[in-house]
Every structure is written in structure tokens, then in C-alpha cells.
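**Student:** This is the structure I have questions about; it appears just below.
The values are calculated or read from the model by the stated rules, or taken from the named source; none is laboratory data. Note that the structure is a prediction, hence the values are computed from the model and not measured. In this analysis, Cβ positions are derived from the backbone assuming ideal geometry, glycine residues included, and neighbour counts consider all displayed protein chains. Ligands, DNA and RNA are stripped out before the accessible areas are found, and what is left, the full protein with its side chains, is counted by its heavy atoms. Shrake-Rupley method; radii C 1.70, N 1.55, O 1.52, S 1.80 Å.
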Amino acid sequence: MPHAPTDTSPEPFALTRVRVFDGEKLLPPATVLVDGPLIGDPAGARGAREIDGGGGVLLPGLIDAHVHLSDADTLRAFARYGITTALDMGTWPADRVDALRGRAGLTDIRSSTVGASSPASAHAVRLGLPAGALVAGPGDAERFVAERVAEGADHIKIVIDLPGFAQETVTALVAAAHRHGLRTVAHASALGAVRMARRAGVDVLTHAPLDRPLEDTDVEWAVREGRVVVPTLTMMADIVTALARPGAPGPSYEAARASVEALHRAGVPVLAGTDSNDTAAAPASPPHGESIHKELELLTGAGLTPVEALRAATVLPARHFGLDDRGVIAPGKRADLVLLADDPLTDIRATRTVQRVWCAGTEYPRP
């Protein structure tokens, strides 16, 4: 039976008998107070309306660190599967993004708006990007970043396709973004693109190489420079499947998996992101919401423990994208919460056992 719509008034409520994931382990059954959009002091739970958690596992709301938005149905799909924050890596025009910001009771978003692409890249041709997204040379970098700042972009996405950008252009884009106080995220699905991003000083790498695994020097750079990786293994696996041709060489999922394993082993933060989209021209289209659970499974297949995979979808993306008000369950933080029936620390597939979801204290009425 579907849940009845939840009362969205600011009346506090207490989630009782829940085992909270604190970022490292499951705590014994306890009570979590939700006071409006925030988590309250449990000392104030007396007299609050109670919701029995039935001994289930309470996670911070999941964060998908690489998505592409469409419409309000996208937000509903995220919320249905426990994603309470989504980091958009390329949606346009800006008013489309603006229409999805701040939707009460739905997934909260941060966006790059449109990403920077070279006019020479296959990405630009395939996706039919607007003219403002095309950066022909380093002289266009400041113009591109200033336009994104005017649109309210939260970070700057740079699509490094090969052939495509010259090194000087990527370097100029990163420098312009940093002058405006924005972190940079580089699409880099080949080893050469990763190295171009490395030389430019990009903050976050998204995707993982499908041609050759990272070498020791690449991993050492990521450690030394404090870089962050969102490998989107779900998308990488789907691309390999889509492009597979019997007897013909093609992209290698093993190269992507091995790169993630090496980065993680060296201590580079690995974040969960799916590249979920419903763009017909995309090489693959992982489904919104549901694919975060596949991503967590693939991350454990690349060497992360279940605890590390959960951190990759909660506290780590919050930390590395400056979202200090979420990612953990603690008084004063956003009441972004996911109640599971089963224990994901025993089996990461248990993240699929979503029972109830709260976005900033408002329950999403999922089936």
C-alpha cells in the first residue's frame, strides 16, 4: 500500500527505533528528532509526534554527484530512490534549471548549467549545444565563465573530448572559474583527457578512462594535488555495453574499474555519481534515481567497502562540493533522510530497500 501524503506542516516529529549510520558504523536503535527542515536536538523529542522506524537503518539523504536534469519528474525519480541532493553537470537553458531549484519536498539541486565544449569535439556536435557553450580558444574562457556566473552556476563543467580543446583553453577555463570562486569539474573519459585536466589544475574529475587505466604517476598527482573523482561507473559500464561489437576492439570497463581501484587504494576521494540522463543523443542513459544503487554496487566491485560506498554518496560529496549543511545526521543539519529496511553495511544492495524518504523534513510520498 502506498504511504498517505505526509503532513508538511512544521510540527516536529520523532523517528523512533532507528539505527543511524554515522559515517562509519551503525549505532544502536535511537530516536532522531525532525524539527521543520532540520534535525533537532533529541532532548526535545518528548511530546513530538512519533514515527516508528521499526529497527530500520537511517541514512543521510543520498547525494548523486553527477546527473543531468530534465523536469520535475526527474526530481521525483531522485526522491523515490532516496536521492535528496543531485549535482547537475550540464542542463540548459538556465531558466530550465531555475525552475527546478528549491522545490519543497523534492530533491535539492546544484548545477553547472551548460558545460564548456570545444567546437571541434564530438560532444558538441552530438548534443547540439548552444553557441554560448562553445569555447574556441583561451580568449573565450572568461566570457564563458562570466555567463555561467550570471546564470547562477554552482560549479563549472569542462568537457575534455579528444580531439577537442587545446591545453591552453582548458587551463584558461580553470583559471577563470577559480577567479570567480567556483570549483571545476572535468569530463575526462580517456587517459589523455585526464592528463589535460591534470595540467590545467581541474578540481574534480568525472568519469574514468575507458581506453587505458591510470598509471602510477597519474594516481600520485591526484593524491598530491588533493583531487576528487566521480567515476560514474554505471555510465562507463553502459557505454561499454552499448558500443560492444563482436570481434572488434572497443572501450574497456576493466580500464575504468582498475583506475578507480588504484585511486581509492591511494586515498583519493571517490564520490558516487551516475551520469543519469534521458538525452537521446547520449551514448547511454542510466535511469534517474534507480541507478545510484547500481553505482554503489559497482563501487564496491572496484574496491570500496560498503561503508566507503555509503560515504561516497553522503558525507564525501557534501564535503567536496561545499554542502556543509548535509551529508550527516546531526542536530542543525538538513533533515534529508532515507529509511531502509535492511542493513547496507552487510550487503550494499540493501540500499534498494528504501521505505521512506524525507527531503528537508518533508516526506516524499513514494509507493
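**Student:** Would you please list the contacts, defined by Cβ atoms under 7 Å and residues six or more apart or on different chains, that run from a residue in segment 311-339 that is free of Cβ contacts under 8 Å to residues at least 12 places away in the same chain and at negative phi to a residue that is surrounded by fewer than 24 Cβ atoms within 10 Å (Cβ to Cβ) and part of a loop (DSSP other than H, G, I, E, B)?
**Tutor:** As it stands, the answer is 325/333, since those pairs meet every condition given.
**Student:** Restricting attention to segment 309-331, which residues are under 26 Å from residue 153 (Cα atoms) and not in a helix (DSSP H, G or I)?
**Tutor:** 313, 314, 321, 322, 323, 324, 325, 326, 327, 328
**Student:** Also, I was wondering about something else. Consider segment 20-36. How many of its residues are without any contact (Cβ under 8 Å) to a residue 60 or more places away in the chain and of a type outside the set (A, V, I, L, M)?
**Tutor:** Qualifying residue count for the region: 3.
**Student:** Taking the condition of being surrounded by fewer than 22 Cβ atoms within 10 Å (Cβ to Cβ), within 18 Å of residue 65 (Cβ to Cβ) and of a type outside the set (D, E, K, R), how many residues in segment 323-347 meet it?
**Tutor:** 2
**Student:** If a residue must be crowded, with 17+ Cβ neighbours inside 10 Å and either of a type in the set (Gly, Ala, Ser) or more than 21 Å from residue 354 (Cβ to Cβ) (or both), how many such residues does segment 39-68 contain? Walk me through it before giving the result.
**Tutor:** So the first thing to find is which residues in segment 39-68 are crowded, with 17+ Cβ neighbours inside 10 Å, and the list is 39-40, 45, 48, 51, 53, 56-68.
Filter once more, keeping what is either of a type in the set (Gly, Ala, Ser) or more than 21 Å from residue 354 (Cβ to Cβ) (or both): 40, 45, 48, 53, 56, 61, 65, 68.
Adding up the residues that qualify gives 8.
**Student:** Another question, then. Could you tell me how many of the residues in segment 204-230 are in contact (Cβ under 8 Å) with a residue 24 or more places away in the chain and open to solvent by less than 50 Å² (accessible area, probe 1.4 Å)?
**Tutor:** 15
**Student:** Only residues that are open to solvent by 60 Å² or more (accessible area, probe 1.4 Å) and assigned to a loop (DSSP other than H, G, I, E, B): list them for segment 131-158, please.
**Tutor:** Across segment 131-158, the qualifying residue is only 136.
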